[in-house]
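Read through the structure below, which is laid out as structure tokens, and then see the notes.
The values are calculated or read from the model by the stated rules, or taken from the named source; none is laboratory data. These numbers come from a predicted model, not from an experiment. As a convention, Cβ positions derive from the backbone with ideal geometry for all residues, glycine included, and neighbour counts pool all protein chains shown. In case anyone asks, the SASA skips ligands and DNA or RNA and just uses the protein heavy atoms, side chains included. Shrake-Rupley method; radii C 1.70, N 1.55, O 1.52, S 1.80 Å.
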Amino acid sequence: MGETITRRVMATGAAILSAQVACAGVSLDISYLSIETSLPPTLSNLDPVPQDNGKAGARTGLQDNLTTGKFLDQTYTMTETTLLQGDDALTAARNLLARSPFLVLDAPPDILIAIADLPEAQGAILFNTSSGDLTLRDAECRANLLHSLPSDAMRTDALAQVFVQKRWNDLVMVSGTRPQDVTYADAMRRSLKKFGLKLSAEKVWAFDADMRRTASQEIPLFTQELGDYDALILADELHDFGRYVLYNTWEPRPVAGSEGLSAVTWSPVIEQWGAAQLQSRFETAHGRDMNSQDYAAWAAIRTLGEAVTRTNSAEPATLRDYILSDGFELAGFKGRPLTYRPWNGQLRQPIAIAHPRALVAQAPLEGFLHQNNELDSLGLDRPESRCEAFQ
């Protein structure tokens, strides 16, 4: 027995030494480009957007790469560029692509597409870390653009699974008028149809009155005509009016969607699967909680680090092929390995169902099966996809 263990230890040590030798001298330079967009005013300022939103996640991912890389003689650097709304994003992207073919992006959908279409971006690897727009993974997909942030459809599919499991069949929805609200509401309708559910009533919140003092009078009247229902869905992605709907509805029913019971990429309440360790490292480094966009940026940087470690290469074509292959896995602190969908570049990942104080469940829920990968029960599946760029 002792001899067997000794042999195993020696074999493991030899494998590590071999990996160190094989990976010697690999260096990767990454660019991070964020475009600040002006958000419309909301009724409450309790949730300010962090100044380092996304960037902090990328920095944490870079540090994780460096921690692993020092044992394998790998080096990683990252250049950060922040633009104001109206700045020339395409020129900035060209300059960054001239120094590195690896570009992590925090930008609106139209700019993501424009950057991906640049001649300088052909053959590069770009990451979308901020937009859940389904069209970026569907008809407007680009072969050089990967998505570490879940699509809106992945999040709404996760909630639809909860509705089915809890037998909340009679559903109503209140949606805002902002583009993000409309996109989320469209994704929710798609998800409900996908899982055999439907809305019995809908209303649009189109008011700009200050609800902070009058919510207890206005919200009951607004929701009274929705009738009775099992749960109310909110499409309020800017977190404007939705917070005042909770506990003020005419019928005392659960609230889900953008507020209440929500499907999120990441949350401070996720503590299992080693997540508490990631949360703690992030908080120590940045003095705040990690959010969904931080996690998406972290996952993008770590994707590159994992691919470099496994391929001993810094060539974008080699890394892209590996990232989209069956051999790629990213340990994402979500209870199972994360992989990329080879038909549209979306990072497969579980979706947390949570409220601000606790994790309720993690989708895909038990019983929601898939012929290939249960994670593909969330979001756009291969037969539904109109993405042709990855073929």
- Query: Does at least one position in the stretch 317-324 carry a residue that is more than 20 Å from residue 129 (Cβ to Cβ), outside any helix (DSSP H, G or I) and among the acidic types (Asp, Glu)?
  - Reply: no
- Filtering the stretch 283-310 down to residues that are of a type outside the set (S, T, N, Q), assigned to a helix (DSSP H, G or I) and open to solvent by 60 Å² or more (accessible area, probe 1.4 Å) yields 283, 285, 310
- Query: Within the group 261, 238, which residue is of a type in the set (A, V, I, L, M) and either closer than 18 Å to residue 198 by Cα or modelled with pLDDT of 95 or more (or both)?
  - Reply: 261
- Task: Within the stretch 241-262, track down each residue that is in a loop (DSSP other than H, G, I, E, B), open to solvent by less than 20 Å² (accessible area, probe 1.4 Å) and of a type outside the set (S, T, N, Q).
- Result: 241, 245, 260
- Does the stretch 87-104 contain any residue that is at pLDDT below 95, open to solvent by 10 Å² or more (accessible area, probe 1.4 Å) and in contact with a helix residue (DSSP H, G or I) (Cβ under 8 Å, 6 or more places away or on another chain)? no
- Item | Scan of the stretch 136-158 for residues that are part of a helix (DSSP H, G or I) and touching a helix residue (DSSP H, G or I) at 6+ places or on another chain (Cβ under 7 Å), ordered by number | 136, 152, 153, 156, 157
- Message: Can you find a residue that is assigned to a loop (DSSP other than H, G, I, E, B), more than 25 Å from residue 324 (Cβ to Cβ) and in contact with a helix residue (DSSP H, G or I) (Cβ under 6 Å, 6 or more places away or on another chain) anywhere in the stretch 173-195?
- Response: yes
- Looking at (1) open to solvent by less than 80 Å² (accessible area, probe 1.4 Å); (2) over 17 Å from residue 115 (Cβ atoms); (3) at pLDDT 95 or above, which is the one condition that is false for residue 44? (3)
- Task: Would you tally the residues in the stretch 263-273 being open to solvent by less than 40 Å² (accessible area, probe 1.4 Å) and part of a loop (DSSP other than H, G, I, E, B)?
- Result: 5
- Message: Suppose we filter 178, 167, 155, 190 for residues that are under 30 Å from residue 229 (Cβ atoms) and modelled with pLDDT under 95; which single one remains?
- Response: 178
- Note on the structure: Taking the stretch 316-340 and keeping residues open to solvent by 30 Å² or more (accessible area, probe 1.4 Å) and not acidic (Asp, Glu) leaves 317, 318, 320, 322, 325, 327, 331, 333, 335, 336, 337
- Message: Going through 280, 313 one at a time, which residue ends up being surrounded by fewer than 21 Cβ atoms within 10 Å (Cβ to Cβ) and within 22 Å of the chain's Cα centre (by Cα)?
- Response: 280
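Results for (1) under 15 Å from residue 258 (Cβ atoms); (2) free of Cβ contacts under 8 Å to residues at least 40 places away in the same chain; (3) not hydroxyl-bearing (Ser, Thr, Tyr), shown as yes or no for each residue.
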residue: 173; (1), (2), (3): yes, no, yes
residue: 180; (1), (2), (3): yes, no, yes
residue: 195; (1), (2), (3): no, yes, yes
residue: 199; (1), (2), (3): no, yes, yes
residue: 216; (1), (2), (3): no, yes, no
- Message: Would you confirm whether or not the stretch 4-20 contains a residue that is touching a strand residue (DSSP E or B) at 6+ places or on another chain (Cβ under 8 Å), open to solvent by less than 60 Å² (accessible area, probe 1.4 Å) and modelled with pLDDT under 95?
- Response: no
- Query: In the stretch 350-383, how many are assigned to a helix (DSSP H, G or I) and surrounded by 12 or more Cβ atoms within 10 Å (Cβ to Cβ)?
  - Reply: 5
- Message: I'm checking my understanding of the structure. Among residues of the stretch 243-277 that are in contact with an Asp or Glu (Cβ under 7 Å, 6 or more places away or on another chain) and free of Cβ contacts under 8 Å to residues at least 60 places away in the same chain, which one is nearest to residue 216 (Cα to Cα)?
- Response: 246
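For the stretch 114-135, enumerate the residues that are outside any loop (DSSP other than H, G, I, E, B) and crowded, with 24+ Cβ neighbours inside 10 Å.
Answer for the stretch 114-135, where residues must be outside any loop (DSSP other than H, G, I, E, B) and crowded, with 24+ Cβ neighbours inside 10 Å: 115, 125, 126, 127, 128.
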- Message: I'd like the residue in the stretch 226-240 that is in a strand (DSSP E or B) and over 22 Å from the mean Cα position of the chain (by Cα) and, out of all such residues, is farthest from residue 132 (Cα to Cα).
- Response: 231
- Message: Quick check on my filter: what residues within the stretch 56-68 are open to solvent by 20 Å² or more (accessible area, probe 1.4 Å) and within 22 Å of the chain's Cα centre (by Cα)?
- Response: 59, 62, 63, 64
- Within the stretch 69-86, residues surrounded by fewer than 17 Cβ atoms within 10 Å (Cβ to Cβ) and either touching a residue at least 24 places away in the same chain (Cβ under 8 Å) or in a strand (DSSP E or B) (or both) come out as 71, 73, 75, 77, 79, 80, 81, 82, 84, 85
